[in-house]
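J.: A single structure is presented below for examination.
The values are calculated or read from the model by the stated rules, or taken from the named source; none is laboratory data. Remember, predicted model here, so these are calculated numbers, not experimental data. Glycine also receives a Cβ, built like all others from the backbone with ideal geometry; neighbour counts cover every protein chain displayed.
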Amino acid sequence: MTSDPLLALRPWHAPEVTSWRRLPMNAVDRRAGAVRLDGDWRFQLLPAPDAPLGEVWSSSYVPGVWTLQDTDDLPRYLNVRMPFAEFPPDVPADNPTGVYERDVEVPAAWAGRRIVLQVGAAESVLLVHVDGRPAGISKDSHLAAEFDLTELVRPGERTVLRLTVVKWSDASHIEDQDQWWHGGITRPVLLYATDPLHLADVTVRARRDGDLRVDCRVRDAAGALPGGWYVSGELDGHPLTQDAEFDRANAEDERVSAFLGEARLRTTVPDVRTWNAETPELYGLTVRLHRADGTVADTSRHRVGFRDVEISGRDLLVNGERVFIRGVNRHDFHPLTGRTVSHAVLRADLVLLKRFGFNAIRTAHYPNDPALYDLADELGFYVVDEADIESHDHAHEIADDPRYLAAFVDRAARMVLRDKNHPCVIVWSLGNESDYGAHHDAAAGWVRRHDPTRPVQYEGAARLGWADPDVASDIACPMYAPLQECLAHAMSGTQTKPLIQCEYSHAMGNSNGTLADHWAAIEATPGLQGGFIWEFWDHGILQRVNDGRPAGRGGAGLYGNGVAAPGYRWAYGGDFGETDHDGAFIADGVVFPDRTPKPVLYEHRELAAPVRIASFRHEGVVLSNHQHFRGLDWLAGEWELSLADGPTLTALAELPDLRPGETAAVPLPFTLPEDGGEAWLTLRVTTAGDEPWAPRGTVVCLPQVRLRAASPVVRTPAANRPVDVDEDGLLVHPLLTAAPALSLWRAPTDNDELGGMAGRWRDWGLDRPTRKVVSVRRDPGRVTVVADLLCAGGTVRHEQVVTAVEEGLLVEECAELPETLYDVARVGSVFETVPGLTLWEWFGQGPWESYPDRAAGAPVGHHALPVDELFTPYLRPQESGGRHGVRRFTLSAPDATGLAVRLDRPRQVSVTRHRAADLAAVTHHDELVPRPGCVVHIDAAHRGLGTASCGPDTFASYLVPAGVHRWSWTLRVL
């Protein structure tokens, strides 16, 4: 038996115990004047919470996770399944327990004051001791815990603070989120002091009409409140008035007690500047608590945004406007520090999102670091704030288990109490993937009672019926609902709530197909209002290849272009020796682990463009303002005219004065040349001045319209020039090391693998077909080759006609797929070049990667990139680097020699250093060996990407069907 009362209680095995001696959560920021206890702490990692301490201490950095600080307890990734077999509320006997200890000198000036310890977050049970005496217990891995240490410490003297963190607990069963399992103290530790008479909480309610109400709760640590105290406040220097009617009503209703004081301040701001995600206007509020003699006992400062959130019918309104929710789900994550993120990291996250058109964040699946909300207020984001509740593996059992009732309500309530004053928070979420039970109704009841100014959502409740008024969700917020189902619901006449998907497009690997189709439907359909992409980060942990250990805090292996430096790699599930894991499913973000944007971000930026362009006969174009609150005065523009057979012309653009929703016709800035072929007009929209999230000149969007279609290509035969093929009918060419051959296979994307398509393609044998020559016909200046591609799924007849023309060689191809091959990855040609060709230049969509169902963000124009920069380094190697809508291209050496290809019409093309088989054979990029030449794919048809790793597959219009496919292209030597 242990003599420690906290250990004797065994709180890691008691779901009814959510805390002991933990102070109530509040919205008073105490960081100013606090003593920060971040840094190296003495540390021991015990095998179980009741194991004895050893004599030898190491060190661990706080805040941080011990799983990334050279312990033997390494990160582990599982999506749904718990990392142990025990059922709730049981946990394994082998239970890593971190003991953190340090000496703390309490400032002598704090004598007579109330002294409070704040632990920003601890995963998953926190036990606090001061000089060996118990001080408190807390659960909830993603919210701060505060403890009154006044009676346990002596100002001016040193004391020993011990924080014991138990990794596995009954609470782990409701923290089963889709992320790495870690252990540690993940947010800062503070020690602060207040007067015994102090502000216990401050609630700010600021409406768009300028009405401001500030409710204050006052307590005295000494016991009963002294007489004569009062509160005062000012907003940007203008005083608030005390609400005498509130005081009188409290007295008449006998709500005034000896230990809790309540006061209300009010004012009305004339000509108020309202807060929204486009113009996040903030005011500075100061609240002061005074003693009877007028001296100040306590002060609380807040940034106030005046805004209203309401649901009207099936619309979510901000300040009376129906706003589109262009959102992303976001975890607290960093590839070096795990769950610990600095203010600089958080700001960089939000700045990047802002630059790519996002206006909303869902804090999946717990309250994020407090600094995120400050930054979202400042930069302008709508936040769906989510409680730290997910019981995915045992959701049905826990949702109605009375032992967990207190935990559900406690976590939702503490989130609201902490974040209620942030204007960025527009919706409260009751958690994620925890079924639906009485606990959710109880939590929703508490939230609605405490804060009637915001709606509540919960996907598990909405799943029972998108229009059901009796469930604990004011918003229909499904996950990955097929677009056709959403459209049918919106047009059914039964919709009663806004439909905003909490997750709708899964960014795992080369993904996010059909995003443009979704947004075209959302913007055209009343009742559909947007959603949140899953998710922001690829959660790859930087790992040393030589020993398989996490790289740690140093960051020497960060490269900055999505690829880990030599000697390092991005680790995912299974890379730390664990046998039970969910692999690369952790790598499903719109940015790489070093925050390098994936190509989907450029797609999203264009879909969220504040300025749109449409053709207007031959006289000009139409510009439109697609914002909700802002004009175009903060933007600048430049016209670009891209001619397929000519240069790119530029001219300054003067944007019209358009209010949200307005349009204007604008004359063409150029006289279109009679020659020059296909012509595209692009409006390069940039920031006109410095924004908090972008310097002047930052690209905001690149709307584009085609002014002239391509003319037919006429090729002149050159019959006196021979065409050289080998005995198998394969083209012999001085710049090719592998002749053009039929390709039906791509290195499977994550969507292909998890969606089942890759398995089907392997079963059909598309990755290892046998080529059988049927006939070879040689004519003057022409060779016709007919071959069968034999695979288990059927025989593909392929005809290739190579003709000598004045431009070089004309390659005309036809492939006939049997009905049994009804959905293949691609149909096209693949060839390989000699070494030394290092630059790819093309006219088509770019410059970033694009695919048939993810091409809206890649404008047509002249583009050029080094071959080694064309490949996209998705964490698990797969099909990547493609460019959609390519009309022609050149591959050249530094001396400008090389080859040129012109296509019969816009096609999908990729140029990389890897064969599809190379990519499919490895699991990480450090295993890839680039080939000396280029591997070139020219596709007559290429399958869309979809999001089938978690969500709907691509649409039927983006599939590659059976039947006849024809394509042609010319090859010439530069």
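J.: Run down Gly132, Gly112 and say which single residue is closer than 18 Å to Tyr192 by Cβ and small (Gly, Ala, Ser).
T.: Gly112
J.: How do the strands (runs of 3 or more DSSP E) wholly within the stretch 624-733 filter down when requiring 1 or more residues that are modelled with pLDDT of 90 or more, out of contact with any helix residue (DSSP H, G or I) (no Cβ under 9 Å at 6 or more places or on another chain) and closer than 18 Å to Lys354 by Cβ: which remain?
T.: Of the strands (runs of 3 or more DSSP E) lying wholly inside the stretch 624-733, those with at least 1 residues that are modelled with pLDDT of 90 or more, out of contact with any helix residue (DSSP H, G or I) (no Cβ under 9 Å at 6 or more places or on another chain) and closer than 18 Å to Lys354 by Cβ span 635-643, 679-687.
J.: Taking only pairs six or more apart or across chains, which ones have beta-carbon atoms under 6 Å, a first residue in the stretch 236-254 that is farther than 23 Å from Val272 by Cβ, and a second residue that is at pLDDT below 90?
T.: Once the first residue is farther than 23 Å from Val272 by Cβ and sits in the stretch 236-254, its partners that are at pLDDT below 90 give Asn250/Val256.
J.: From Leu163, Leu265, grab the single residue that is modelled with pLDDT of 95 or more, in contact with a Phe, Trp or Tyr (Cβ under 6 Å, 6 or more places away or on another chain) and part of a strand (DSSP E or B).
T.: Selected residue: Leu163, the only one of Leu163, Leu265 that is modelled with pLDDT of 95 or more, in contact with a Phe, Trp or Tyr (Cβ under 6 Å, 6 or more places away or on another chain) and part of a strand (DSSP E or B).
J.: Still on this model: Which members of the stretch 387-428 meet the condition of being under 30 Å from Gly284 (Cβ atoms), assigned to a loop (DSSP other than H, G, I, E, B) and touching a helix residue (DSSP H, G or I) at 6+ places or on another chain (Cβ under 7 Å)?
T.: Ala387, His422, Pro423, Cys424
J.: Looking only at the stretch 568-596, count every residue that is in a loop (DSSP other than H, G, I, E, B) and on the phi > 0 side of the Ramachandran plot and tell me the total.
T.: Residues that pass the stated criteria total 3.
J.: So in the stretch 28-64, with the set limited to residues that are among the β-branched types (Val, Ile, Thr) and in a loop (DSSP other than H, G, I, E, B), which one is surrounded by the fewest Cβ atoms within 10 Å (Cβ to Cβ)?
T.: Val56
J.: Next up: Which one is modelled with the lowest pLDDT among residues in the stretch 453-483 that are among the polar types (S, T, N, Q) and in contact with a Phe, Trp or Tyr (Cβ under 9 Å, 6 or more places away or on another chain)?
T.: Within the stretch 453-483, the match that is modelled with the lowest pLDDT is Ser473.
J.: Kindly indicate which of Asp657, Asp675 is closer than 13 Å to Asp633 by Cα, exposed (fewer than 15 other Cβ atoms within 10 Å of the Cβ), in the same structural domain as Val621 (by TED's automatic domain parsing) and not hydrophobic (A, V, I, L, M, F, W, C).
T.: Result of the check over Asp657, Asp675: Asp657.
J.: Going by what's in this entry, would Ala636 be described as touching a residue at least 24 places away in the same chain (Cβ under 8 Å) and not assigned by TED's automatic domain parsing to the domain that holds Glu278?
T.: Criteria met by Ala636.
J.: For Arg931, indicate whether it is part of a strand (DSSP E or B) and not hydroxyl-bearing (Ser, Thr, Tyr).
T.: The answer is no for Arg931.
J.: Among residues belonging to the stretch 378-420 that are among the small types (Gly, Ala, Ser) and touching a strand residue (DSSP E or B) at 6+ places or on another chain (Cβ under 8 Å), point out the one that is nearest to His302 (Cα to Cα).
T.: Per the criteria, the residue is Gly380.
J.: Please specify each residue of the stretch 37-59 satisfying the condition of being of a type in the set (A, V, I, L, M, F, W, C) and touching a Ser or Thr at 6+ places or on another chain (Cβ under 9 Å).
T.: Trp41, Phe43, Leu45, Leu46, Ala48, Ala51
J.: Going through the stretch 763-821 one residue at a time, which ones are under 47 Å from the mean Cα position of the chain (by Cα), farther than 13 Å from Leu742 by Cα and surrounded by fewer than 15 Cβ atoms within 10 Å (Cβ to Cβ)?
T.: If the condition is that a residue be under 47 Å from the mean Cα position of the chain (by Cα), farther than 13 Å from Leu742 by Cα and surrounded by fewer than 15 Cβ atoms within 10 Å (Cβ to Cβ), then Asp763, Ala792, Pro818, Glu819, Thr820 are the ones that fit.
J.: Could you say which residue among Ala815, Ala787, Ala804 is more than 24 Å from Ala747 (Cβ to Cβ) and outside the structural domain of Asn751 (by TED's automatic domain parsing)?
T.: Criteria check complete, one pass: Ala804.
J.: Determine which member of the set Ala122, Ala93 is surrounded by fewer than 14 Cβ atoms within 10 Å (Cβ to Cβ) and out of contact with any Phe, Trp or Tyr (no Cβ under 6 Å at 6 or more places or on another chain).
T.: Ala93
J.: Yes or no: Gly54 out of contact with any Asp or Glu (no Cβ under 7 Å at 6 or more places or on another chain) and free of Cβ contacts under 8 Å to residues at least 24 places away in the same chain?
T.: The answer is yes for Gly54.
J.: I need a count of the residues in the stretch 732-762 that are farther than 25 Å from Arg931 by Cβ and either in contact with a His (Cβ under 6 Å, 6 or more places away or on another chain) or loosely packed, with under 15 Cβ neighbours inside 10 Å (or both).
T.: Residues that pass the stated criteria total 2.
J.: Can you tell me which residue in the stretch 700-729 is farthest from Val901 (Cα to Cα), limited to those that are touching a strand residue (DSSP E or B) at 6+ places or on another chain (Cβ under 8 Å) and free of Cβ contacts under 8 Å to residues at least 24 places away in the same chain?
T.: Going through the qualifying residues, I end up with Asp726.
J.: Which ones in the stretch 740-763 are in contact (Cβ under 8 Å) with a residue 60 or more places away in the chain and among the hydrophobic types (A, V, I, L, M, F, W, C)?
T.: Ala741, Leu742, Leu744, Trp745, Ala747, Leu754, Met757, Trp761
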